[in-house]
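Enquirer: Sending over a structure as structure tokens; questions will come in a sec.
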């Protein structure tokens with residue numbers, strides 16, 4: 001009995017330590033808000049995304065002197081204002097970022113007629129260059145001074161790994177038989193939640209209202225949200241959480257998810273990020289629907305589009321916050337008006353943090 005009693009005592013004392021050891025060293029906690037508000041980021045180190053290697057420039061960046069690209073080459077419609085040497089440097093970089101190694105320049109160009117637009121990839125690349133400069137100019141409210149390059153999304157792939165198109169449905173989408181409408185199937189797109197896994201068409205390719213929290217407990221003529229809408233909103237939030245590798249409290253304060261004054265500055269950055277993705281999909285990618293071949297489209301014939309995961313890929317700042325613009329200044333755009341918050345142009349009241357994001361200080 002004495003030996004048995006001793007064994008039980010050992011188990012009683014060491015059991016919790018053994019169980020606790022299962023999580024020891026696997027999770028770290030970072031305080032991001034006032035103490036006691038639950039504003040912490042809990043990070044499972046086993047699932048942390050490692051920063052991907054950023055390729056070195058193909059060669060040293062030349063100065064911007066000399067003849068302009070439009071003077072040297074034919075059919076330069078986007079970057080004709082930069083020097084020929086800077087233009088060549090960017091083309092060499094794009095070879096590293098996007099083009100398959102076995103094809104190189106020939107992925108977009110006819111080697112016998114470099115000015116030709118006969119390959120759809122060249123038409124798409126030109127539009128993507130316009131988009132990249134638009135992001136770095138107009139959408140500095142989201143990308144700040146870090147900016148983006150082709151590498152941010154492509155990472156050496158001709159087509160970005162993380163993309164989306166309208167999901168394929170059942171044979172008869174109007175029938176309720178065996179039609180789950182995207183629900184009750186855990187999907188990585190919404191953080192493995194059994195919620196509608198295609199909130200992107202509604203919110204990232206359209207302009208539907210995302211917010212579901214009202215200022216009162218009763219519906220009002222200006223704010224009527226169904227449970228179905230709430231499920232889609234939650235699905236989008238789960239996608240953003242997974243895409244950035246963060247908790248809800250990275251942007252929101254759990255005391256009031258609705259309140260802007262209690263939120264972190266990152267919420268304003270995310271607000272503009274959603275509008276930026278809408279702009280990318282609506283103005284630039286959808287405009288190429290007739291250019292992309294069928295095998296580069298989704299099951300419903302729409303081109304593959306961007307969402308938060310396209311750039312972030314599991315990190316709250318793409319590429320860990322490292323900027324590639326200093327080595328690729330050609331992708332900077334001339335100064336452009338910063339995107340205004342929704343409602344501002346119409347004279348409606350908008351949260352002060354959206355009208356002036358810099359005024360919102362981080363609460364520690």
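The values are calculated or read from the model by the stated rules, or taken from the named source; none is laboratory data. Given the structure is predicted, the values throughout are model-derived calculations rather than measurements. Note that we place each Cβ from the backbone using ideal geometry, even for glycine, and neighbour counts take in every protein chain shown.
Enquirer: Is it the case that residue 274 is within 24 Å of the chain's Cα centre (by Cα), in a helix (DSSP H, G or I) and closer than 22 Å to residue 342 by Cα?
Expert: Details: within 24 Å of the chain's Cα centre (by Cα): yes; in a helix (DSSP H, G or I): yes; closer than 22 Å to residue 342 by Cα: yes.
Spelling it out, residue 274 is indeed within 24 Å of the chain's Cα centre (by Cα), in a helix (DSSP H, G or I) and closer than 22 Å to residue 342 by Cα.
Enquirer: OK, next. Filter segment 247-260 down to residues that are out of contact with any helix residue (DSSP H, G or I) (no Cβ under 8 Å at 6 or more places or on another chain) and in a loop (DSSP other than H, G, I, E, B) and give me whichever is farthest from residue 308 (Cα to Cα). Before you say what the answer is, go through the steps one by one.
Expert: Step one: of segment 247-260, the residues out of contact with any helix residue (DSSP H, G or I) (no Cβ under 8 Å at 6 or more places or on another chain) are 249, 253, 255-256, 258-259.
From the residues that got through so far, the ones that are in a loop (DSSP other than H, G, I, E, B) too are 255, 258-259.
On the way: 255: 26, 258: 21, 259: 23 Å.
Looking at residues that are out of contact with any helix residue (DSSP H, G or I) (no Cβ under 8 Å at 6 or more places or on another chain) and in a loop (DSSP other than H, G, I, E, B), I get 255.
Enquirer: Shifting gears a bit: Return the only residue of 158, 125 being under 28 Å from residue 243 (Cα atoms) and crowded, with 18+ Cβ neighbours inside 10 Å. If you could, list the steps in order and put the result at the bottom.
Expert: Values: 158 fails: crowded, with 18+ Cβ neighbours inside 10 Å.
So the residue among 158, 125 that is under 28 Å from residue 243 (Cα atoms) and crowded, with 18+ Cβ neighbours inside 10 Å is 125.
Enquirer: With the requirement that a residue be closer than 16 Å to residue 286 by Cα and surrounded by fewer than 18 Cβ atoms within 10 Å (Cβ to Cβ), what does segment 95-121 give you? Steps first, please.
Expert: From segment 95-121, those closer than 16 Å to residue 286 by Cα are 120-121; that's our starting set.
120, the sole residue that qualifies.
Enquirer: Let me ask something additional. Considering only residues that are at pLDDT 75 or above and either over 16 Å from residue 238 (Cβ atoms) or not in a loop (DSSP other than H, G, I, E, B) (or both), which ones fall in segment 192-210?
Expert: 200, 201, 202, 203, 205, 206, 207, 208, 209
Enquirer: Still on this structure, please answer the following. Scan segment 222-232 and tell me whether some residue there is buried (at least 17 other Cβ atoms within 10 Å of the Cβ), in a helix (DSSP H, G or I), at pLDDT 90 or above and out of contact with any strand residue (DSSP E or B) (no Cβ under 8 Å at 6 or more places or on another chain).
Expert: No, because not a single residue in segment 222-232 is buried (at least 17 other Cβ atoms within 10 Å of the Cβ), in a helix (DSSP H, G or I), at pLDDT 90 or above and out of contact with any strand residue (DSSP E or B) (no Cβ under 8 Å at 6 or more places or on another chain).
Enquirer: Which residue, of 288, 319, 244, is surrounded by 15 or more Cβ atoms within 10 Å (Cβ to Cβ) and in the same structural domain as residue 150 (by TED's automatic domain parsing)?
Expert: On the way: 288 fails: in the same structural domain as residue 150 (by TED's automatic domain parsing); 244 fails: in the same structural domain as residue 150 (by TED's automatic domain parsing).
It is 319.
Enquirer: What about residue 133, is it under 30 Å from residue 272 (Cα atoms), part of a helix (DSSP H, G or I) and modelled with pLDDT of 95 or more? Even if it seems obvious, please write down each step before you answer.
Expert: Values: under 30 Å from residue 272 (Cα atoms): yes; part of a helix (DSSP H, G or I): yes; modelled with pLDDT of 95 or more: yes.
Yes: the conditions hold for residue 133.
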